[in-house]
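Inspection log for the structure reproduced underneath, given as structure tokens.
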Amino acid sequence: MRMAQERIFLSPPHMSGREQLYIDEAFDTNWIAPLGPNVDAFEREIAEYTGSLGAAALSSGTAAIHIALRLLDIGPGDRVFCSSFTFIASANPVLYVGAEPVFIDSEPETWNMSVDALTKAFEDADREGRLPKAVIVVHLYGQSARMKEILALCNRYEVPVIEDAAESLGSTYEGKASGTFGKFGIYSFNGNKIITTSGGGMIVSDDEEALNKARFLATQARDQAPHYQHSVMGYNYRLSNLLAGVGRAQLQVLEERVEARRAVFENYRTAFGELKGIEFMPELPSTRSNRWLTALTLDEEKAGVNISDLLAALAADNIEARPLWKPLHLQPVFAGSRFYPHSGTLCVSERLFQSGICLPSGSSLSAEQQQRVIDSIWRSLEKVANPAR
Ligand SMILES: *Cc1c(COP(=O)(O)O)cnc(C)c1O
């Protein structure tokens, strides 16, 4: 029997070592809670890094999407188009505001929002006289969606875009930061993301007035008055000054984190790229993916194993891997929602979900750890005598 080996995680937090300096400074000046100089600086630094005019720091990426929907005045009776192939947090805020989500399938080239499906959804909505009040476009696993075509379509119908860039901080599309193409972009600093504040989020925009309103809504929507007065419904959604300090130190190493995750991806591709039946998530030309997670699909007939076999083999070796996101139109909580497939015969997100897997991709993954993952996968492939070997 093999000795139990240390666990390898999918995407653990990776501290730079400088976070503590910001936390100590906050303690020394007693700027513990809420807001403070780190929050202002973190907002400025994210705006500068992404090239957006401004940013508002919030308690999570989910909160940022919720605030974006509120800023666009979306409520009961309104429709919101949203990528189907994503984490539930992309669409939960649509339910928070009482609106109706309509889910859009993925396309094979980016695994993100299908322009064909979006076109069809717009045509139907236009005919029904019920255009959506926003489109939430997700950049999954760090790969940018086809923004030029998506924006052209949304502009034609005059519908604002919210970019869910929770997974794509550090990615670019035609040289410009992912998350800065729509009316609003949102980032997440949850513990599993490419940089983390343990929990946190950010909304970016070129509309300073809207960002001020975001800060207002996120601090209980308190009116300017000597007493506590509130004219609209608000939230307690701001990021704490302590966590913003962690974020500032993390942002300084973001480029290194992107390089490290891209190197992890390249190692997997070198190890398995020639193998029949394995396909890695594509990278659209003129984009740079941060390769937040290395994602691939397995064709069971050609590879000889399916993802359940592979997940079980990795789990037995104490390695954390995951299936790809289950499409939201298949989630029980969204049962009955409308869904637009890529084509009449092809539902891309369902196919990806059935055949795809994410491998350990952390920027702190050592060469030895990655070799353990690669060896574990080879062992399960060899068990079925893969014809490529
Ligand atoms: C992580 C994530 C979110 C939510 O971010 P939180 O900060 O965890 O609330 C939203 N969308 C996607 C695609 C994510 O991966």
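Each value in this text was obtained by applying a stated rule to the coordinates, not by laboratory testing. None of these values were measured; they are calculated from a predicted model. Glycine also receives a Cβ, built like all others from the backbone with ideal geometry; neighbour counts cover every protein chain displayed.
Just a few scattered comments:
- The chain: relative contact order in percent, alpha carbon pairs under 8 Å with at least 6 residues between: 24
- Burial ordering of Met233, Met15, fewest other beta-carbon atoms within 10 Å first: Met233, Met15
- Annotation: amide H of Arg238 within the under-5 Å range of Ser59, sequence separation 5 or more or interchain, hydrogens built in the peptide plane.
- Between 0 and 90°, nearest 10: helix 147-156 axis offset from the chain longest Cα axis: 40
- With coordinates expressed along the principal axes, the C-alpha atoms belonging to region 19-253 extend over 59, 42, 27 Å, beginning with the largest.
- Listed from fewest to most Cβ neighbours within 10 Å, the set Cys82, Cys358, Cys347 follows the order Cys358, Cys347, Cys82.
- Nonlocal Lys pairs with alpha-carbon distance under 16 Å, the chain (8 or more apart, or different chains): 7
- Available extension along the chain between Asn236 and Ala315 is 24.6 nm, counting 0.36 nm per residue and deducting the alpha carbon span.
- Residues whose amide H falls under 5 Å from that of Arg322, counting only those 5 or more places apart or on a different chain, are Cys358, with hydrogens built in the peptide plane.
- Annotation: the antiparallel percentage among DSSP beta bridges lying fully within the chain is about 55.
- Ranked for footprinting exposure by Cβ neighbours inside 10 Å, fewest first, Trp31, Trp378, Trp292 give Trp378, Trp31, Trp292.
- The mean sequence distance of close C-alpha pairs (under 8 Å, at least 6 residues apart), as a share of the length of region 255-385, puts its relative contact order at 32 percent.
- Rounded to 0.05, the FRET efficiency of the Asp223 and Asp299 pair, given R0 = 56 Å and the Cβ-Cβ distance, is 0.40.
- Computed from backbone phi, the HN-Hα couplings of region 326-343 come to 6, x, 5, 6, 9, 7, x, 5, 10, 4, x, 6, 6, 9, 10, x, 4, 8 Hz, rounded to whole numbers (Karplus: 6.51 cos²θ - 1.76 cosθ + 1.60, θ = phi - 60°; Gly and Pro given as x).
- When +1 charges are put on Lys and Arg Cβ atoms and -1 charges on Asp and Glu Cβ atoms, the dipole computed for the chain relative to its Cα centre reaches about 480 debye.
- Euclidean distance between Cα centres, region 129-179 to region 71-91, Å: 13
- Angle in degrees between helix 307-316 and the longest Cα principal axis of the chain, rounded to the nearest 10: 90
- Our coupling estimate for region 160-169, obtained by passing each phi through the Karplus curve with A = 6.51, B = -1.76, C = 1.60 and θ = phi - 60°, is x, 10, 10, 8, 7, 9, 3, 9, 10, 5 Hz, Gly and Pro reported as x.
- Compared with the dominant principal axis of the Cα atoms in the chain, helix 367-383 is inclined by about 50°.
- In nm, spacing of pseudo-spin labels at Glu208 and Asp73 (7 Å Cα→C-beta vector): 2.3
- Along the axis of the charge dipole computed for the chain (Cβ charges of +1 for Lys and Arg, -1 for Asp and Glu, origin at the Cα centre), the listed residues Gly36, Leu251, Gln371 are led at the positive end by Gln371.
- Diffusion constant of region 232-303 at 10 °C, which comes from Stokes-Einstein with the Kirkwood Cα-pair radius and 1.306 mPa s, µm²/s: 103
- Couplings 3J(HN,Hα) for region 256-270, derived from phi with the Karplus relation 6.51 cos²θ - 1.76 cosθ + 1.60 (θ = phi - 60°), are 4, 5, 5, 4, 5, 5, 5, 5, 4, 4, 4, 5, 5, 5, 5 Hz, where x marks Gly and Pro.
- Simple rule: put +1 on each Lys or Arg Cβ and -1 on each Asp or Glu Cβ in the chain, find the dipole, and look at His329, Ala316, Val97; the Cα lying farthest toward the positive end is Ala316.
- Student exercise, region 297-389 dipole from Lys, Arg, Asp, Glu Cβ charges, in Debye to nearest 20: 240
- Projecting the Cα atoms of Gln143, Thr345, Gly61 onto the charge dipole of the chain (Cβ charges, centred on the Cα centre) puts Thr345 farthest toward the positive pole.
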